[in-house]
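Participant: Dropping a structure here in structure tokens format, bear with me for questions.
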Protein chains: 2
Amino acid sequence: MTQARPPSTSNLNPRQELRQLVCSELKILLEQENWSGAKVILLPVQPADIAEAIEGLPEAMQALAFRLLAKDEAIAVYEELDPNVQQVLLQDFSREDVRTIIDQMSPDERVKLFEELPAKVVRKLLAQLSASEREATALLLGYQPETAGRIMTPEYLSLKERWTVAQTFQKIRRLALTKETIYSLYVTDNQHCLTGFLSLRDLVIAQPEQIIGEIAEPHVVSVHTDTSQEEVARLLQRYDFLALPVVDAENRLVGIITVDDVIDILEAETTKDIHTLGGVQVGDSHYFQSTILSIVRRRAFWLITVFLITTLASLIIKAQEQLLRQMIVLVAFMPLLIDTGGDVGCQSSTVVIRGLNTQSLRQYGVLGIVKREAMAGALLGLILGLGAVAWAYLLQGNLLVAVVVGISLLLISILASAIGAALPFLFSWLGLDPALMSAPVMTTIADVFGVLIYFYLAQLILRF
Amino acid sequence: MTQARPPSTSNLNPRQELRQLVCSELKILLEQENWSGAKVILLPVQPADIAEAIEGLPEAMQALAFRLLAKDEAIAVYEELDPNVQQVLLQDFSREDVRTIIDQMSPDERVKLFEELPAKVVRKLLAQLSASEREATALLLGYQPETAGRIMTPEYLSLKERWTVAQTFQKIRRLALTKETIYSLYVTDNQHCLTGFLSLRDLVIAQPEQIIGEIAEPHVVSVHTDTSQEEVARLLQRYDFLALPVVDAENRLVGIITVDDVIDILEAETTKDIHTLGGVQVGDSHYFQSTILSIVRRRAFWLITVFLITTLASLIIKAQEQLLRQMIVLVAFMPLLIDTGGDVGCQSSTVVIRGLNTQSLRQYGVLGIVKREAMAGALLGLILGLGAVAWAYLLQGNLLVAVVVGISLLLISILASAIGAALPFLFSWLGLDPALMSAPVMTTIADVFGVLIYFYLAQLILRF
């Protein structure tokens, strides 16, 4: 299957083309009411791809397609579906279907669905769950969103120190299907406190008669239920673990977080960072699924803020009307100066913000970074400044004015680089997100300083 | 250990504080030549944290600290070290040490180190490797950088269809230590072609006398050696796999890629995206480790490009000197207009670029997205435009001029949103990185259109 490589007519890669093929074939077969055909083409397809195919169907067909799946597969596919489609299907299911599917979802995936549903529906669904699943779900829902407690699963495997390796294998064999992972195993004492860690690889290598307490690693990296999900993701990335144990304030093991959830968390955090950098506020829902009004709300705050700061620039310009009237040529170079300042500053803030977020800046001092950026800004300002002198002289023939433009550009580049590099550190130090130093904010700051420097130099050099 | 929570005096989280503590304690113990003490404090520490502590030591102490580690641990720590420190240590090692450590690194980590070393050193090191490791390394080095072939490891476990589960377990027990993972197992035929997949979990549940060919899953998702590493990362994320098999053109299994490498790839790709969005070009080395000159080179290209485009804006303004001379008040609002245009456009391009990169835009049409963004731009332009009318009237008292400013702002917002949303699609369609539609590029485009619209409206409404 994976070797099929149809001639590429678009920018899609072979796997994406394959997915689209499945989706359109599924639709045709369902329209022809060829149920067995539809079942057959879905057989070799991964749950995530079936979920995408179902999402691509008209709403009326979604429940139809879903019913074709075998029970085990149905649950795997349901977990992969978009929350909107999950809700649509929920309304179509019989009471019995709902109970089965929701009950068999893994607790962390179930909580993700519940977060999207109205409280009334959640209460009804909770009541239908089996006692153990209800308890697991309520436990997770009891923690704050975006913490380890909320995203963990209580379906882990815990071992006792006194067990032998052979006993443990029997236990694992019995429980393998009901647990999220069997590759990371945790040792707990009688109070259910976390005392050790063991990988299934360690267990495979060990002799059957060895005792768990002797072969387990006593130094376990764990997180607390209130650790942020971003920190959890960073730890799993740092240590290349497949799972992390979550403990409560008394060091009792309450759940684990597996690596597959972490990649999704990192992606969501990255989207948040990139949106913030672009001046778009974080929202509850997916940007492209939001209503126009909520999009406007997410974008208006920063626009209005920078608008208000930029009015400063108009005040400064207004105050210099006399100068401008006599030297109208100065106006032509304003966009060049304020833009370049914004761009150079934006480059510096971008690299510093990213460095802070990936913690790759930890070994450098704030002052060192700011100095280096200012130096880079000076060199870039020199190159662009010389270009600006040439261009300004070419355009209006006055060498003095050209020199004013060039020197302004140099100074603005240095200042903007230094500000762009320093402010993210200040934000981070104040406990704010460094990414708030977004492109729009940087542009505006460069504007205000840009016109100030430009007019001051013009007055100084052109002697008004 | 993980429960230690010293009172937080900084913005560091407990685990970061712990790491810093280890680092400074290690330094003190080494200075006191207390080798046994240094050994003891490193015992409960994870390899990634030991690596960070060593990176934080003065160069002369790094080799000293490294020699304290037990052999197995030394290799794990060496793999986690920064390539610069890896090189420093290499020079300090005896010939025998080098052979041992390089030989026992996993092939994918070794290739990462070799990529950073001079070709001469690589040749010498390759010659010292054992035959099998040399072959594995040469295989990986034969593929293009950033492809599946380059990042895979040939240390996977492959099974034969005719084996029983019991036989397979014996095999796994024998080979567990030399393989990168034993949790994902691949079935191959006599030509070494990939025919099936089995997880260790499946194997644990199976009966000892069952045959591998009967329980393996025949539909395996695999990638080719020339698949890009970003695509590999996306597939592992999509399907929640722990590893992906890599096959050559004849479908022969040549390696696997494990999930821990993928998170690092995704982070590197994100850094690339964010830098591109901020107008910084991708470089060979880590931004903060580059020389000032190479930084300037990475930043100059886009600055010069947008500088050249912005000269258009000065041409337009120069052509309107007559208008400006009569209506000098118009100048005061130029920064407001061109900035807002740039900011609104930057928001639109940011969300579209991120949507394209995470493939969360696949179900929406280009036209639909551009229309929605233009509508959001219209609403935002209306809000800001009304503010601008009020501010302009307040500042200079001429209602007509204020209206010109307001309408210009509205039109610029709509246009910039539409352009910001459309151009990333165009770039992607041309096979370019959509992130090239960076904040600096957007600002510049908004500039040129901004002054055009502003002056045109001014002439029209103020009737010059």
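Participant: For segment A:267-287, indicate whether the set of residues that are in a helix (DSSP H, G or I), more than 7 Å from chain B (Cβ to nearest Cβ) and basic (Lys, Arg) is non-empty.
Facilitator: Within segment A:267-287, one or more residues are in a helix (DSSP H, G or I), more than 7 Å from chain B (Cβ to nearest Cβ) and basic (Lys, Arg).
Participant: Evaluate the following for A:Val221: is it more than 9 Å from chain B (Cβ to nearest Cβ), outside any helix (DSSP H, G or I) and either among the acidic types (Asp, Glu) or farther than 30 Å from A:Ser349 by Cβ (or both)? Even if it seems obvious, please write down each step before you answer.
Facilitator: Working: more than 9 Å from chain B (Cβ to nearest Cβ): no; outside any helix (DSSP H, G or I): yes; either among the acidic types (Asp, Glu) or farther than 30 Å from A:Ser349 by Cβ (or both): yes.
No, not satisfied.
Participant: Looking only at segment A:177-201, how many residues end up being crowded, with 17+ Cβ neighbours inside 10 Å and not in a loop (DSSP other than H, G, I, E, B)?
Facilitator: Here the count works out to 13.
Participant: Which of (1) crowded, with 17+ Cβ neighbours inside 10 Å; (2) among the aliphatic types (A, V, I, L, M); (3) without any contact (Cβ under 8 Å) to a residue 24 or more places away in the chain does B:Ala131 not meet, given it meets every other one?
Facilitator: It is condition (1) that B:Ala131 fails.
Participant: Restricted to segment B:333-350, and to residues that are at the interface with chain A (Cβ under 7 Å from one of its Cβ atoms) and in contact with an Asp or Glu (Cβ under 8 Å, 6 or more places away or on another chain), which residue is farthest from A:Leu312 (Cα to Cα)?
Facilitator: Taking segment B:333-350 first, the residues at the interface with chain A (Cβ under 7 Å from one of its Cβ atoms) are B:333-336, B:338-340, B:342-344, B:346-347, B:350.
Pick out the ones that are also in contact with an Asp or Glu (Cβ under 8 Å, 6 or more places away or on another chain) and you get B:335, B:338-339, B:342.
Details: B:Pro335: 10, B:Ile338: 15, B:Asp339: 13, B:Gly342: 18 Å.
In this case the residue turns out to be B:Gly342.
Participant: Let me ask something else. For the list (1) touching a helix residue (DSSP H, G or I) at 6+ places or on another chain (Cβ under 8 Å); (2) in contact (Cβ under 8 Å) with a residue 40 or more places away in the chain, I need the number of the one condition that A:Asn251 fails.
Facilitator: Condition not satisfied by A:Asn251: (1).
Participant: Same structure again: If I ask for residues that are more than 24 Å from the chain's Cα centre (by Cα) and either more than 22 Å from B:Ala439 (Cβ to Cβ) or within 11 Å of chain B (Cβ to nearest Cβ) (or both), which ones from segment A:413-444 would you list?
Facilitator: The first filter runs over segment A:413-444 and keeps only residues more than 24 Å from the chain's Cα centre (by Cα), leaving A:413-419, A:422, A:443-444.
The answer is A:Ser413, A:Ser417, A:Thr443, A:Thr444.
Participant: Mind checking which residues of segment B:160-174 are farther than 12 Å from B:Gly213 by Cβ and not β-branched (Val, Ile, Thr)? It would help to see each step written out before you state the result.
Facilitator: We begin by selecting, within segment B:160-174, every residue farther than 12 Å from B:Gly213 by Cβ; these are B:166-167, B:169-174.
Listed by number, the residues that qualify are B:Ala166, B:Gln167, B:Phe169, B:Gln170, B:Lys171, B:Arg173, B:Arg174.
Participant: Something else about it: Give me a count of the residues in segment A:110-163 that are under 23 Å from the mean Cα position of the chain (by Cα) and of a type in the set (A, V, I, L, M). Even if it seems obvious, please write down each step before you answer.
Facilitator: Let us first name the residues in segment A:110-163 that are under 23 Å from the mean Cα position of the chain (by Cα), namely A:110-117, A:140-141, A:143-153.
If we keep only those that are of a type in the set (A, V, I, L, M) as well, we get A:111, A:113, A:117, A:140-141, A:148, A:151-152.
Residues meeting the conditions: 8.
Participant: Now for a different question. For the subset of segment B:154-180 comprising residues that are among the β-branched types (Val, Ile, Thr) and modelled with pLDDT of 90 or more, which member is farthest from A:Asp240 (Cα to Cα)?
Facilitator: The qualifying residue farthest from A:Asp240 (Cα to Cα) is B:Thr164.
Participant: So A:Phe455 passes all but one of these: (1) in contact (Cβ under 8 Å) with a residue 60 or more places away in the chain; (2) assigned to a helix (DSSP H, G or I); (3) facing chain B (nearest Cβ under 10 Å); (4) not aliphatic (A, V, I, L, M). Which condition number does it fail?
Facilitator: (3)
Participant: Taking segment B:52-75 as the search range and keeping residues that are small (Gly, Ala, Ser) and under 21 Å from A:Tyr364 (Cα atoms), which one is farthest from the chain's Cα centre (by Cα)?
Facilitator: Keep residues of segment B:52-75 that are small (Gly, Ala, Ser), which gives B:53, B:56, B:60, B:63, B:65, B:70, B:74.
This time we only want the ones that are under 21 Å from A:Tyr364 (Cα atoms), so: B:53, B:56, B:60.
Working: B:Ala53: 24, B:Gly56: 24, B:Ala60: 32 Å.
The extreme case among them is B:Ala60.
Participant: Return yes when A:Ile317 is among the hydrophobic types (A, V, I, L, M, F, W, C), within 7 Å of chain B (Cβ to nearest Cβ) and over 23 Å from B:Lys318 (Cβ atoms) and no when it is not. Before you say what the answer is, go through the steps one by one.
Facilitator: On the way: among the hydrophobic types (A, V, I, L, M, F, W, C): yes; within 7 Å of chain B (Cβ to nearest Cβ): yes; over 23 Å from B:Lys318 (Cβ atoms): no.
No.
Participant: Test of understanding: among A:Ile292, A:Ile317, which residue is surrounded by fewer than 17 Cβ atoms within 10 Å (Cβ to Cβ), among the aliphatic types (A, V, I, L, M) and assigned by TED's automatic domain parsing to the domain that holds A:Ala422?
Facilitator: Values: A:Ile317 fails: surrounded by fewer than 17 Cβ atoms within 10 Å (Cβ to Cβ).
Matching residue, one of A:Ile292, A:Ile317: A:Ile292.
Participant: Next question. Among A:Phe114, A:Phe197, which is the only one that is assigned by TED's automatic domain parsing to the domain that holds A:Ala268, on the phi < 0 side of the Ramachandran plot and either of a type in the set (A, V, I, L, M, F, W, C) or in contact (Cβ under 8 Å) with a residue 40 or more places away in the chain (or both)?
Facilitator: Numbers: A:Phe114 fails: assigned by TED's automatic domain parsing to the domain that holds A:Ala268.
Result: A:Phe197 is the single residue among A:Phe114, A:Phe197 that is assigned by TED's automatic domain parsing to the domain that holds A:Ala268, on the phi < 0 side of the Ramachandran plot and either of a type in the set (A, V, I, L, M, F, W, C) or in contact (Cβ under 8 Å) with a residue 40 or more places away in the chain (or both).
Participant: Working carefully through the options A:Ser413, A:Ser417, A:Ser438, find the one that is among the hydroxyl-bearing types (Ser, Thr, Tyr), crowded, with 24+ Cβ neighbours inside 10 Å and at pLDDT below 90. Break it down stepwise before answering.
Facilitator: Numbers: A:Ser413 fails: at pLDDT below 90; A:Ser417 fails: at pLDDT below 90.
After applying the criteria, what remains is A:Ser438.
Participant: Would you mind telling me which numbered condition in (1) in a helix (DSSP H, G or I); (2) under 25 Å from A:Leu236 (Cβ atoms); (3) at pLDDT below 90 A:Pro145 fails?
Facilitator: Failing condition for A:Pro145: (1).
Participant: Let me ask something additional. Given the conditions (1) modelled with pLDDT of 85 or more; (2) out of contact with any Leu (no Cβ under 6 Å at 6 or more places or on another chain); (3) assigned to a helix (DSSP H, G or I), which single one is not true for B:Glu33?
Facilitator: Unmet condition: (3).
Participant: Also: Looking at A:Leu69, A:Leu43, A:Leu125, A:Leu81 in this structure, which one is more than 30 Å from A:Glu146 (Cβ to Cβ) and crowded, with 18+ Cβ neighbours inside 10 Å?
Facilitator: When all the criteria are applied, what remains is A:Leu69.
Participant: Could you please tell me which pairs satisfy a Cβ distance under 7 Å, a separation of 6+ or placement on different chains, a first residue in segment A:165-177 that is facing another protein chain (nearest Cβ under 8 Å), and a second residue that is part of a helix (DSSP H, G or I) and among the charged types (D, E, K, R)?
Facilitator: Pairs found: A:Ala176/B:Arg201.
Participant: With the condition kept exactly as written, say whether any residue in segment B:381-401 is under 21 Å from A:His275 (Cα atoms) and touching a residue at least 12 places away in the same chain (Cβ under 8 Å).
Facilitator: yes
Participant: Starting from residues that are more than 8 Å from chain A (Cβ to nearest Cβ) and not aliphatic (A, V, I, L, M), keep the ones in segment B:35-46 and report whichever is nearest to A:His219 (Cα to Cα).
Facilitator: B:Lys39
Participant: Further question on the same structure: Output the residue which, of all residues in segment B:225-257 that are among the charged types (D, E, K, R) and not in a strand (DSSP E or B), is surrounded by the fewest Cβ atoms within 10 Å (Cβ to Cβ).
Facilitator: We begin by selecting, within segment B:225-257, every residue among the charged types (D, E, K, R); these are B:226, B:230-231, B:234, B:238, B:240, B:248, B:250, B:252.
Now narrow it down to the ones that are not in a strand (DSSP E or B): B:226, B:230-231, B:234, B:238, B:240, B:248, B:250.
Numbers: B:Asp226: 14, B:Glu230: 16, B:Glu231: 17, B:Arg234: 23, B:Arg238: 18, B:Asp240: 19, B:Asp248: 15, B:Glu250: 10.
Only one residue fits best here, namely B:Glu250.
Participant: So which residues in segment B:397-406 are assigned to a helix (DSSP H, G or I) and surrounded by fewer than 20 Cβ atoms within 10 Å (Cβ to Cβ)? Show your work before the answer.
Facilitator: So the first thing to find is which residues in segment B:397-406 are assigned to a helix (DSSP H, G or I), and the list is B:399-406.
Hits for segment B:397-406 are B:Leu399, B:Leu400, B:Val403.
The values are calculated or read from the model by the stated rules, or taken from the named source; none is laboratory data. The structure displayed is predicted, hence computed values, not measured ones. Here Cβ is always computed from backbone atoms with ideal geometry, including for glycine, and neighbour counts include all displayed protein chains.
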